[in-house]
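Just below is one structure, and these are the notes that go with it.
Throughout, read-outs are computed from the coordinates displayed, never taken from laboratory work. Just so it is clear, the model here is predicted, and its values are computed rather than measured. All Cβ positions, even for glycine, are placed from backbone atoms using ideal geometry, and neighbour counts span all protein chains on display.
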Amino acid sequence: MFAYAIRRVLWAIPTLFGISLVVFLLTTLIEVPPPADLGKVDPENVLAEEDRARARFVDLPRFFNTQPLDIHGRTDEILFHLVADDEQREVAAARLARLGGAALPFIMPQIDTMPAAAKSRVAVALAPVAVRMGQGDAVALRDPASAPIFWTRYWDEHSTDFTEPSVRRTVDRLIVRDSTQRETELSQVDTFALATVIEAMPRVTDLAALRRLMSVAARASGRGIVPDEGAPAAAFVRAEEDWRSWWFIHRSDYVAYDGATKVAASVTDTRYGRWMLGAVTSQLGLSTRDGVPINEKLIARAPVTFALTFIAMLASYLVAIPVGVLSAWRRGKAVDATFALLLLLVYSIPVFVLAQALSGLFARDNLLGLAVPILTLTAGGAAALSRHQRGSMAEVLSLDYVRTARAKGVSTFRVLVVHALRNAIVSTTTLAGLQFPLMLGSTFVVEEVFGIQGLGWETLRAIETHDAAWLVAVVLFSAVMTMLMLIASDLATSILDPRARDTALHSGEL
Amino acid sequence: MSFTLGFRGALTRMRKKNTARAAAIAVLFLAFVTIFADLLASPLPVLCNYHQQLWVLPNVTHPKELDGLSCDDIQKAGHVYLTPVTCHGPLDEAPAEALLPPMAPGHMLGTDAVGRDVFARTVHGTRTTLSFAVLSTFVFVMVGLFLGAFTGFFGGTLDAIVTRAVETMSSFPTLVLAIGVQAMVPRPTVSTLFMAIVLSRWAEVTKLTRAEVRLAKSSDFALAAKALGATPLRVLLNHVFPNARTAAIVSATFGLGSVMLAEASLTFLRAGHDNSVASWGEMLSEVRDNPTAWWMLIFPGALLIIAVLSFNVLGEALRDALDPRTRSDKNTP
């Protein structure tokens, strides 16, 4: 039994991988909005365009990254353009202003070896960073003559602040106590503090401390949400989610990879890798329809849909088994023929036609409002299952042991329920795994017709607004749920019918 | 050769069943409507004289010269000898005649919210749905047959990969996957819907065929053929494949019904194709905006039920007739 269970679960791993691959390939179908016509190349526009691309990781290769970029690589690239003074220098300068303090440890050691003109270009490009830090004089910083002197002096005095332990100490103190002194210290290292600050956010429970961290992060990165003082906890959750997803995309702008992470980055810094990591760590992003995190929506909507699906499945079993047993017992008789015709008809009525017809007949605002959707779902499921139940029951009833039981004088009821049904029910139970995805699809339709706010209802709203994040999440989620149901039904079969288990183990299928 | 023989026997057996006969008649009726849709409903006449020129079947050929004209326009400038059953196209809007109930003059099944003729839309919807179902079923059954037969017979690495792929695809609820594809492509059209349906269905047929091929491969007659020196390809094509074929034919018949259902469901949810063609699902979805317009629910709905029911009955009858193992009357005492 355990050998079977373990093998069955292990075989789910390639399936999960396949599911993620299929959904990932689906995401590549999404249309990328064409870049706006820029006219002249404005650094701000270039960066905004780049941000849009990066939010969907389209700047990364699909499956393998031979040169993952971290802050070090990015800084070197920028310095190259600034030193060479080519046509990309303006964009490079704007990029450098964004990278800010985190880039300083990689610039300063090199700046002395540069020619004087290149040195001043780099120093002038850093001017917005100094303004953010609250250092120096705005005019002097833009002066090609005095800027290099300022930065050399600044680095002489402050280079010891640009170390991880020092920043961590400051952040820890800021979390414990509100202090302008600490905030100033953090703003002096600018974006260098971002990694420590943002990665500290999840473990901070005090809202005031969280707000201090967010305002430090917002000052350094020049973006992001800082909730007002005394804002409700939900606003903080939303803001934290926003920081988390931004950091997920932009971490490599501010953090240097060391040996092992660099190797890992060639796999994780790819479109597929980022998307996969995001899905596993439930960073599914924000819904573009209303800005609510996808996680929150899934948690709100999924129980409705799954409750409907499971209740309907249970109800259809409760209907299907007696009907199947009855028609198998009276096979060839009028009861059987009537049921057969009726069930075939019900089976062939599309669920949305039935839903549409019933929703017109019944009011929605009472108890019937919930019973009718379930009834709609049950009808289709019960029809399919009872046809199957009749078949398997008829097969068992023609076996010798049933005849023996009857010959011994066992009552009809006991023969049907105790002797025959015990064996005939196995294959019908197994069908639950296959019935689930069908039922889930039907639930989507029924939700839409009856206006029940579950996954299906939300999905159709997402279609109208092209909310790709939600669609990806819902396809992935329902595939994983279906896979789990298939495993569960296989395990249930192996308990109910050990023969099936042995066949599967020995035929090489598992 | 063996195919025709086996099939003729099956047809004889099927002919004895009344339900199968009724279903076959219904399917023939739908095929008739599909083929002759232009004779049933078209804005152009079947035979007319326009500006001293005789036009034969302009409703089928849609000549440029008569583009945008209606039967009445042609009658004014010439003579209409023979009209289709209804002189309206499925896409002709007439806002003045919106939401007419059935038996209204000129519109025997009424009109929808923008005044399009329901009869014309039902007829052309049949054409869209049925031809779409036939085409996509053909493609996914062929893909499944080929993959299933090949991997089941030869095994190996490819078999392992395809088996995993089948497992993966069967983890996606068909409708949800199709909705996903349709919603993510920039512009959902009939061809993207086609891809979505094929993508979500091929796995089922592959799985079925593979299982049948594996069963037939280990049978005595296949081993005997091999022992007699037949090449693997010959064993596959002449001995194994004919036994796996029945399952595919049956599942194609069921598949036709389920593809029609899927197409209608998706267009009903407005995740199907654009409105450049008429379809049953789209008409049914319009009932959501006009709940009192029962005629838009009844007519396409009834046709859809009849179509799905017929294909289900036919599929079952075919299975009984072609496959002695599952013949349902064997359990009758």
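For chain A, what is the mean residue ellipticity at 222 nm derived from helices alone (per DSSP H run of n ≥ 4: -39500 (n - 2.57); sum divided by total residues; nearest 500 deg cm²/dmol)? Kindly include the intermediate steps, with their values, before the conclusion.
Working: 26 runs with 365 residues, N = 510.
Per the formula, -23000 deg cm²/dmol.
What percent do you get for the relative contact order of region A:240-319 when only Cα pairs under 8 Å and 6+ apart count? Mind dumping the intermediate values first?
Numbers: 21 pairs, mean separation 14.4, N = 80.
Relative contact order comes out at 18 percent.
List the residues, sorted by chain then number, that are 5 or more residues from B:Arg116 or on another chain and whose placed amide H is less than 5 Å from its amide H.
Amide H to amide H, under 5 Å and 5 or more residues apart or across chains, B:Arg116 pairs with B:Ala94.
Take the alpha carbon gyration tensor of region B:185-333, find the square roots of its eigenvalues, order them as a ≥ b ≥ c, and report rounded if a/c is under 1.5; if not, report prolate when a/b exceeds b/c, else oblate.
Values: a/c = 4.70, a/b = 2.02, b/c = 2.32.
It comes out oblate by the Cα gyration axes.
Which FRET efficiency, nearest 0.05, do B:Phe146 and B:Lys64 yield, Cβ-Cβ r, R0 35 Å?
On the way: r = 42 Å, r/R0 = 1.21.
It comes to 0.25.
For region A:303-319 and region A:327-392, write down the distance between their C-alpha centroids in whole Å.
Going from one Cα centre to the other spans 14 Å.
Expressed as a whole number of Å, what is the distance separating the alpha-carbon centroids of region A:114-163 and region A:243-281?
A separation of 30 Å, based on Cα centres.
Full extension from A:Ala208 to A:Leu47: what is 0.36 nm times the residue separation minus their Cα-Cα distance, to one decimal in nm? Numbers along the way, then the final one.
Working: separation 161, 0.36 × 161 = 57.96 nm, distance 3.27 nm.
Result for the pair: 54.7 nm of gain on full extension.
Relative contact order for region A:304-501: what is it in percent, counting Cα pairs under 8 Å that are at least 6 residues apart?
Averaging sequence separation for qualifying contacts and normalising by length gives 27 percent for region A:304-501.
Where does helix A:368-397 land angle-wise versus the long Cα axis of chain A, in degrees 0 to 90, nearest 10?
60 degrees
Against the longest principal axis of chain A, how steep is helix A:294-329, in degrees 0 to 90 to the nearest 10, with axes from Cα atoms?
10 degrees
Can you give the % of DSSP beta bridges in the protein assembly as shown that are antiparallel, to the nearest 5? Don't jump to the answer; show the numbers that get you there.
On the way: 11 of 12 bridges.
Percentage antiparallel, nearest 5: 90.
Rank the residues B:Cys71, B:Cys87 as a footprinting-exposure proxy: fewest other Cβ atoms within 10 Å of their Cβ go first. Walk me through the numbers on the way to the answer.
Values: B:Cys71 18, B:Cys87 22.
So the residues, fewest neighbours to most, are B:Cys71, B:Cys87.
How do A:Leu361, B:Leu44, A:Leu421 rank when sorted from fewest to most other Cβ atoms within 10 Å of their own Cβ? Can you show the working numbers first?
On the way: A:Leu361 8, B:Leu44 27, A:Leu421 22.
Sorted ascending by nearby Cβ count, the order is A:Leu361, A:Leu421, B:Leu44.
Which value, in debye to the nearest 20, gives the size of the charge dipole of the protein assembly as shown about its Cα centre, when Lys and Arg are +1 and Asp and Glu are -1 at the Cβ?
Numbers: 76 positive and 76 negative charges, 922 e Å.
Roughly 4420 debye for the protein assembly as shown.
Excluding A:Gln88 itself, what net charge comes from residues whose Cβ is under 12 Å from its Cβ, given Lys and Arg +1 and Asp and Glu -1?
Working: positive: A:Arg89, A:Arg95; negative: A:Glu77, A:Asp85, A:Asp86, A:Glu87, A:Glu90.
Cβ neighbours under 12 Å give a net charge of -3.
Is the shape of the protein assembly as shown best called rounded, prolate or oblate, per the rule: a/c under 1.5 gives rounded, else a/b larger than b/c gives prolate, else oblate, with a ≥ b ≥ c the square roots of the Cα gyration tensor eigenvalues?
prolate
Within region A:406-496, list the chymotrypsin sites (Phe, Trp or Tyr not before Pro) lying in a DSSP loop whose Cβ has at most 10 other Cβ atoms in a 10 Å radius. Spell out each step's value before the answer.
On the way: sites: A:Phe413, A:Phe444, A:Phe450, A:Trp457, A:Trp470, A:Phe477; in loops: none.
Listed in order of number, the matching sites amount to none.
What is region A:308-382's relative contact order, in percent, from Cα pairs under 8 angstrom and six or more apart in sequence?
Numbers: 47 pairs, mean separation 36.7, N = 75.
Reported as a whole number, the value is 49 percent.
Assuming a ≥ b ≥ c are the square roots of the Cα gyration tensor eigenvalues, decide whether region A:403-510 counts as rounded (a/c under 1.5), prolate (otherwise, with a/b larger than b/c) or oblate. Walk me through the intermediate numbers first.
On the way: a/c = 6.08, a/b = 2.03, b/c = 2.99.
Oblate.
No other cysteine beta carbon under 4.7 Å away is the test; run it over chain B and list who passes.
Cysteines lacking a close Cβ partner in chain B: B:Cys48.
Rounding to the nearest 10 and keeping the result within 0 to 90°, find how far the Cα-based axis of helix A:271-280 lies from the longest principal axis of chain A.
The angle comes out at about 60 degrees.
Which GluC sites (Glu not before Pro) does region A:458-510 hold that lie in a coil by DSSP with at most 13 other beta carbons within 10 Å? If you can, show how the numbers build up before the last one.
Values: sites: A:Glu458, A:Glu464, A:Glu509; in loops: A:Glu509.
Passing both the DSSP loop test and the Cβ count: A:Glu509.
List the GluC sites (Glu not before Pro) within region A:195-282 that DSSP assigns to loop and that have no more than 10 neighbouring Cβ atoms inside 10 Å.
In loop regions of region A:195-282 (DSSP not H, G, I, E or B), the sparsely surrounded GluC sites (Glu not before Pro) are A:Glu229.
Only counting other Cβ atoms within 10 Å, I'd like A:Lys408, A:Lys119 sorted with the fewest neighbours first. Write down the numbers at each step before the final one.
Working: A:Lys408 8, A:Lys119 21.
So the ranking, lowest neighbour count to highest, is A:Lys408, A:Lys119.
Return the long-range amide H neighbours of B:Val80 (sequence gap of 5 or more, or a different chain), with a cut-off of under 5 Å between placed amide H atoms.
Under 5 Å from the amide H of B:Val80: B:Asn49.
Helix-only mean residue ellipticity at 222 nm, chain B, DSSP H runs n ≥ 4 weighted -39,500 (n - 2.57), per residue, nearest 500. What is it?
Numbers: 13 runs with 211 residues, N = 333.
Computed ellipticity for chain B at 222 nm equals -21000 deg cm²/dmol.
Residues with beta-carbon under 14 Å from that of B:Val308, excluding B:Val308: net charge, scoring Lys, Arg +1 and Asp, Glu -1? Display every interim value, and only then the final one.
Working: positive: none; negative: B:Glu263, B:Glu316.
Result for the local shell: -2.
Any idea which of A:Val480, B:Thr34, B:Asn18 is furthest toward the positive side of the dipole for the protein assembly as shown, if Lys and Arg beta-carbons carry +1 and Asp and Glu beta-carbons -1?
Working it through, the farthest residue towards the positive pole turns out to be B:Asn18.
Please work out the Cα center distance from region B:86-140 to region B:26-46, rounded to the nearest Å.
Comparing the Cα centres of region B:86-140 and region B:26-46, I get a distance of 12 Å.
State the three equivalent ellipsoid semi-axes of region A:304-501, derived from the C-alpha gyration tensor as the square roots of 5 times its eigenvalues, in descending order and whole Å. Display every interim value, and only then the final one.
On the way: eigenvalues 262, 87, 27 Å².
Computed over region A:304-501, the values are 36, 21, 12 Å.
Roughly how many nanometres apart are two label points built 7 Å out from the Cα toward the Cβ at B:Asp274 and B:Leu233?
Between B:Asp274 and B:Leu233, the simple spin-label model gives 4.5 nm.
Quick one: which residues, 5+ away or cross-chain, put their amide H under 5 Å from the amide H of B:Ala104? H built at 1.01 Å from N.
B:Gly110
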